[in-house]
Every structure is written in structure tokens, then in C-alpha cells.
Amino acid sequence: MRGAVTAPTVGIVGAGVAGLHLGLALRAADVPVTLYTEQAFADLAAGPLLNTVAHHHPMLDRERQWDVHFWPAERHGYGAHHHHVGGTAPVRFTGHFTHPSCAVDHRLYLPRLAGAFAERGGRIEVRAVGPRDLARLAGSHALLVVASGRGPLSGLFPLRPEHSPHHTPQRLLCAGLYTGVRGADPAGVTISIAPGAGELLEIPLHSAHGPVTALLFENLPGGDLAALASLDHRDDPALFAKAVLEALRRHHPATAERVEERDFGLTHPLDVLQGGVLPAVRQDWIDLGGERFALALGDAHVVVDPLMGQGANLASYSAAVVAAEIATDTAYDALFCERVARARE
Ligand SMILES: Cc1cc2nc3c(=O)[nH]c(=O)nc-3n(C[C@H](O)[C@H](O)[C@H](O)COP(=O)(O)OP(=O)(O)OC[C@H]3O[C@@H](n4cnc5c(N)ncnc54)[C@H](O)[C@@H]3O)c2cc1C
């Protein structure tokens, strides 16, 4: 039962790809939505690299459906995965896609989508929502969706230990945007596996600087390249670029052979992201009391290791399922939440 609330307004906490795709899908179905986000989009656009996400065909198709496919994949995307498996007997092979994928810097992508959401009648409130605010917010909405990413709010949704076997990140990340890497032919992502060291994803990405190359090192803790995750580029940018180039030459020849050394370097000091991601699966929903419920969405629900390159694509899929269920139902109770859980399982 929805109690005193008559209009089925939905409140979404978080305006990453999960929150925005849900918001846009709900506005397309004419459902009133408010997005709560702790960071103004102008600050996000001017801030550090968020990720190096590639969107694949099913996600791009949803963008077309919601009329937010602002960077046509035919122009900005790519159509192949070039694989290199190192070791004593290296192997190379290429897989060609039936439809292109596309990577756009989320510092461009998310603000543009937020603009479209607002133009279509979505409300955006810039403020941080704490755990205690949730119950209060629930009084103003028929349903709350928590799409706050890997931040502390996701801790309200208990971990599912059977799907969350790790206690530490399995890879140490060093992601950055670079000049000086000639694209692969045909245009595509290069996936390089260096046994004992880790993996590299080399992604043609559209950024504020135009087309650049994202290099996402996923290095094994204790491995030969682990130190890249903590090497501070601000101390000595030239030394940082040299270390990255050296890592490519030693472990990822399929990319190293396309580097123009004199042009190689970070596109901007903010275009780096280092650290680790802990994969996790959390419960789908929680009871906020008073017949109000909150659903988890995106990384707040399932954190996929960036090695798989699927977290944002999964968040978008999940958003579409949740939106369809919201649009066809009227009572956002425990049964509804359980049905959503099964539908997107
Ligand atoms: C290096 C790297 C590469 C990746 N590559 C890929 C890839 O190729 N393909 C892919 O599909 N995925 C990839 N991913 C994963 C992908 O980035 C994430 O799965 C996806 O961006 C998660 O989106 P989200 O909306 O759930 O969370 P987020 O993007 O984290 O958004 C959460 C939002 O909630 C806001 N927020 C947080 N707490 C609060 C609060 N208390 N109150 C209000 N607002 C709050 C934040 O400000 C933010 O706007 C990659 C990740 C990394 C790190």
C-alpha cells in the first residue's frame, strides 16, 4: 500500500549512469521523479576522471530509445576487440562486433544526460542524503531508489556473501587518458593479458580533448606492475609517463607497438584514476518502515570488477527493468520489490 502518497513520485538518490538512466526512462513513461545528488554537475565535469566506461549495443539502443544518444556510436565508437594473451606462447586474435560500442568520458556524458532529464520535467536537488534522511524522504515519495554508487549509503543493503567472496580488491587500478597512442586497426578496444602482472584495457574514448586513448591497467597485487596504482603523477609527470610506457613495453606489446614516444603522456593532470574496486552483490531492497521501501540500483546493488567492463551496462539494464516495473504498477510494496528483484536477476 502506498499510504498517504497519491502521485507515484519516485525519489532517486544518486545521479550516475544508474540514477540518470532510471530517471530518463521514468520521465519517458511520464512518472514524476526527483534525483538527489551530492555533487553539482558543473563540479563533476571539472573534476577528476570517474572511470573509462565503454557502452555496448544494448545500452546504446536504450540511449536511442530515450533520445539521449548524443555521441553517435557510428562516429565516435568502435567495432572490434583485439585480444593479446602474453606468456611463453603469445596469442593474438580479433573479434568483430555486429554493432559498434562507444566510450564517452562520463564527465561529459552525465551532465548532458542530466540536462535532458531536467528539460523533460525531472527535478534535481543537489544535496547529500544520509542514512537518516532516507526515512524522511520516503515520506515524500511512493518509492525510493538508492543509486549512490559504492559510497557508504549502499551499506544499508546487506551483502549477499554467496555472491561476494572477496574481501580485498583483486586488481590494483591505474586508469588514465593519454595522447600519443595510434588507434588499433580496425578501431577497437585492445584487451591485453600479461600472466603474472595483470591486464590492460586500451579504449578509444571521446573526451573533452577530443578522441584520446584510455589505458586501464588492472594489475595483480604483488605483481610486477602493482606500484602503478600508487605512483603519483603530480610529483613528476614525465617520470609517470615513462613508468607507464615501460609497463606497456614490458607486458603489453600489442599497445606499446603503436605508441609515439615523443607525443606520449597524460592529457591532463585530472585525467587519472588509481585505486581498487571490491566486487560485491547486495540485497535488492530494504524496508524503511511505514510501508515504504528502497530499492538498490547500479553499483549500490552490484559492483562488477572493472576488468569485466560491465558495471555501467548492467546498471543501465537494471534501470530499464526497474522503470518498466514502476510504470506498470501502482503499489510499491514488498511484493513489488521482490518482483523487481526477480525480473532483473
Ligand atoms: C576504471 C573503471 C573502468 C570501468 N569501465 C567500465 C566499462 O568499460 N563498462 C562498464 O559497463 N562499466 C565500467 N566501469 C564500472 C562503472 O563505472 C560503474 O559500474 C558505473 O559507473 C556505476 O554507476 P552508478 O550510477 O551505479 O554509480 P556512480 O557512478 O558511482 O554514481 C553514484 C552517484 O551518487 C552520488 N551519491 C553518492 N552518495 C550520495 C549521497 N549520500 N547522497 C546523494 N548523492 C550521492 C554520487 O555523487 C554519484 O553521482 C568501470 C569502472 C572503473 C572504476
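The values are calculated or read from the model by the stated rules, or taken from the named source; none is laboratory data. The model shown is predicted, which means the values in this text are computed figures rather than measured ones. For neighbour counting, all protein chains shown are included, and Cβ atoms are generated from backbone atoms with ideal geometry for every residue, glycine included. With ligands, DNA and RNA removed, areas are computed over all heavy atoms of the protein, side chains included. Shrake-Rupley method; radii C 1.70, N 1.55, O 1.52, S 1.80 Å.
Do you know which of the residues in the range 21-62 that are of a type in the set (D, E, K, R) and assigned to a helix (DSSP H, G or I) is farthest from the ligand (Cβ to nearest atom)?
We begin by selecting, within the range 21-62, every residue of a type in the set (D, E, K, R); these are 27, 30, 38, 43, 61-62.
Applying the additional criterion that residues be assigned to a helix (DSSP H, G or I) yields 27, 43, 61-62.
On the way: R27: 17, D43: 10, D61: 15, R62: 13 Å.
This residue is R27.
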Original post:
For the range 43-74, what are the residues that are open to solvent by less than 20 Å² (accessible area, probe 1.4 Å) and either within 19 Å of Q310 (Cα to Cα) or among the polar types (S, T, N, Q) (or both)?
Top reply: L49, T52, A54, H55, M59, L60, E63, A73
Subject >> Filter result for A208 (in contact (Cβ under 8 Å) with a residue 40 or more places away in the chain, among the small types (G, A, S) and open to solvent by 40 Å² or more (accessible area, probe 1.4 Å)) >> reply: yes
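Pick from V259, V304: which is open to solvent by less than 60 Å² (accessible area, probe 1.4 Å), over 15 Å from V13 (Cα atoms) and within 14 Å of the ligand (Cβ to nearest atom)?
Details: V259 fails: within 14 Å of the ligand (Cβ to nearest atom).
Just a single option satisfies the conditions, and that option is V304.
Inside the range 220-245, can you point out the residues that are assigned to a loop (DSSP other than H, G, I, E, B), surrounded by fewer than 14 Cβ atoms within 10 Å (Cβ to Cβ) and either under 27 Å from the mean Cα position of the chain (by Cα) or touching a residue at least 12 places away in the same chain (Cβ under 8 Å) (or both)? Outline the logic, then answer.
Let us first name the residues in the range 220-245 that are assigned to a loop (DSSP other than H, G, I, E, B), namely 220-225, 230-236.
Within this subset, residues satisfying the condition of being surrounded by fewer than 14 Cβ atoms within 10 Å (Cβ to Cβ) are 221-222, 230, 232, 234-236.
Selection gives P221, G222, S230, D232, R234.
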Subject >> The one condition in (1) free of Cβ contacts under 8 Å to residues at least 40 places away in the same chain; (2) surrounded by 18 or more Cβ atoms within 10 Å (Cβ to Cβ) that L216 fails to fulfil >> reply: (1)
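Are any residues in the range 1-20 more than 8 Å from the ligand (Cβ to nearest atom) and at pLDDT 95 or above, and if so, which ones? Talk me through it step by step, then tell me what you get.
Restricting attention to the range 1-20, the residues satisfying the condition of being more than 8 Å from the ligand (Cβ to nearest atom) are 1-12.
Across the range 1-20, the qualifying residues are V10, G11, I12.
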**OP:** Kindly provide the set of residues from the range 300-314 that are within 14 Å of H57 (Cα to Cα) and among the hydrophobic types (A, V, I, L, M, F, W, C), ordered by number.
**Re:** A312, L314
Original post:
Taking the range 173-188 on its own, how many of its residues are over 17 Å from the mean Cα position of the chain (by Cα) and in contact (Cβ under 8 Å) with a residue 24 or more places away in the chain?
Top reply: 10
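For the structure I just gave you, tell me whether L270 is closer than 30 Å to L144 by Cβ, open to solvent by 20 Å² or more (accessible area, probe 1.4 Å) and part of a loop (DSSP other than H, G, I, E, B).
Details: closer than 30 Å to L144 by Cβ: no; open to solvent by 20 Å² or more (accessible area, probe 1.4 Å): yes; part of a loop (DSSP other than H, G, I, E, B): yes.
Answer is no for this residue.
Do you know which of the residues in the range 309-328 that are out of contact with any helix residue (DSSP H, G or I) (no Cβ under 9 Å at 6 or more places or on another chain) and within 14 Å of the ligand (Cβ to nearest atom) is farthest from V33 (Cα to Cα)?
We begin by selecting, within the range 309-328, every residue out of contact with any helix residue (DSSP H, G or I) (no Cβ under 9 Å at 6 or more places or on another chain); these are 309-310, 328.
Still in the list and also within 14 Å of the ligand (Cβ to nearest atom): 309-310.
Working: G309: 29, Q310: 26 Å.
Per the stated criteria, the residue is G309.
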Original post:
So is G87 farther than 21 Å from A300 by Cα and either open to solvent by 10 Å² or more (accessible area, probe 1.4 Å) or not in a loop (DSSP other than H, G, I, E, B) (or both) or not?
Top reply: yes
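Check the range 329-338 and report whether any residue there is more than 16 Å from the ligand (Cβ to nearest atom), over 30 Å from D235 (Cα atoms), hydroxyl-bearing (S, T, Y) and not in a strand (DSSP E or B). It would help to see each step written out before you state the result.
Taking the range 329-338 and keeping what is more than 16 Å from the ligand (Cβ to nearest atom), we get 329-338.
Filter again for over 30 Å from D235 (Cα atoms), leaving 329-338.
Next, only the ones that are hydroxyl-bearing (S, T, Y) stay: 330, 332.
In the following step, the residues that additionally are not in a strand (DSSP E or B) were identified as 330, 332.
Yes, that holds for at least one residue.
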**OP:** Please state which of the following conditions A80 fails to meet, knowing it meets all the rest: (1) away from the ligand (no atom under 14 Å from the Cβ); (2) open to solvent by 30 Å² or more (accessible area, probe 1.4 Å).
**Re:** (2)
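Do any strands (runs of 3 or more DSSP E) lying entirely in the range 120-192 carry at least 2 residues that are open to solvent by 30 Å² or more (accessible area, probe 1.4 Å), and which ones are they? Don't jump to the end; show me each part of the working.
Values: elements: 123-126, 143-146, 172-179.
Here the list reads 123-126, 172-179.
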